[in-house]
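> Take this structure first; my questions come after.
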Amino acid sequence: MSFAPALARRPDTPLADLAERMLQAAAPPALVAHCHRTYAYAEAILDHRGLSPDREALFLGATLHDLGLTPTWEDPSTPFEEHGAAVAHEALVRHGAPPELADLVHDAIRLHLDLTTGDDHRPEVAGIHLGSAADVLGLRLDEIPAPTIELILKTHPAEGLAPFLHDAFTREAQHKPHCATAVLIRDFHLLDTLRHA
């Protein structure tokens, strides 16, 4: 299946509208584009693997997965993925999301840095990890047709993401030395990988 049509649309639901508004209000353009690419890459990789996620849940998770890195929602002590997951969950429930949907999005956001999440049995949870890793680190791009990658990058250009993430991840690790980001920087050289991705 070609995912070119999916790049021109997103789930047409009130919760998808809410997520998009939250993202646009809080994030700089580079991070907005990253979240959109995360969704597109996640769809393409999951399709390659023969998986059919709930598209609304996948979109919500992709759109909101980095809220905790934004000035609006950055927390001085809680890891960004945990705080962002809590913010997203609260907003979704407050706007009428079924508890199981809000819980699924919460888990997708909270677990997206965990290196084992790509094997999660829930495609929506696995997808946010896979899509964000594809965009930030170039992982598993071999599972996506080259024309689809080109269209994703043309639709949502990648300029400015690497310096934004470098600064955000550095702050995260300095202020929360035991968080997942700090571990990835210390043990897996995340900043070097990001620089060369």
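The values are calculated or read from the model by the stated rules, or taken from the named source; none is laboratory data. Keep in mind that this is a model prediction, so the values were computed, not measured. When we count neighbours, we look across all protein chains shown, and the Cβ atoms used for this are built from the backbone with ideal geometry, even at glycine.
> Determine which member of the set V125, V136 is touching an Asp or Glu at 6+ places or on another chain (Cβ under 6 Å), in a helix (DSSP H, G or I), of a type outside the set (F, W, Y) and in contact (Cβ under 8 Å) with a residue 24 or more places away in the chain.
V125
> State yes or no: is L101 under 19 Å from P11 (Cβ atoms), at pLDDT 95 or above and buried (at least 20 other Cβ atoms within 10 Å of the Cβ)?
On the way: under 19 Å from P11 (Cβ atoms): yes; at pLDDT 95 or above: yes; buried (at least 20 other Cβ atoms within 10 Å of the Cβ): no.
It is false that L101 is under 19 Å from P11 (Cβ atoms), at pLDDT 95 or above and buried (at least 20 other Cβ atoms within 10 Å of the Cβ).
> Taking interchain pairs and intrachain pairs at least six residues apart, which have beta carbon atoms under 8 angstrom, with the first residue in the stretch 101-122 and free of Cβ contacts under 8 Å to residues at least 40 places away in the same chain and the second buried (at least 22 other Cβ atoms within 10 Å of the Cβ) and among the charged types (D, E, K, R)?
Partner pairs satisfying both residue conditions: R110/E81; L111/E81.
> In addition: Would you please list the contacts, defined by Cβ atoms under 7 Å and residues six or more apart or on different chains, that run from a residue in the stretch 45-60 that is crowded, with 21+ Cβ neighbours inside 10 Å to a residue that is basic (K, R)?
Matching pairs, first to second residue: I45/R140; F59/R10.
> Here is a further query. Please go through the stretch 101-135 and give me each residue that is among the β-branched types (V, I, T) and closer than 16 Å to L67 by Cα, ordered by number.
From the stretch 101-135, those among the β-branched types (V, I, T) are 105, 109, 116-117, 125, 128; that's our starting set.
The answer is V105, I109, I128.
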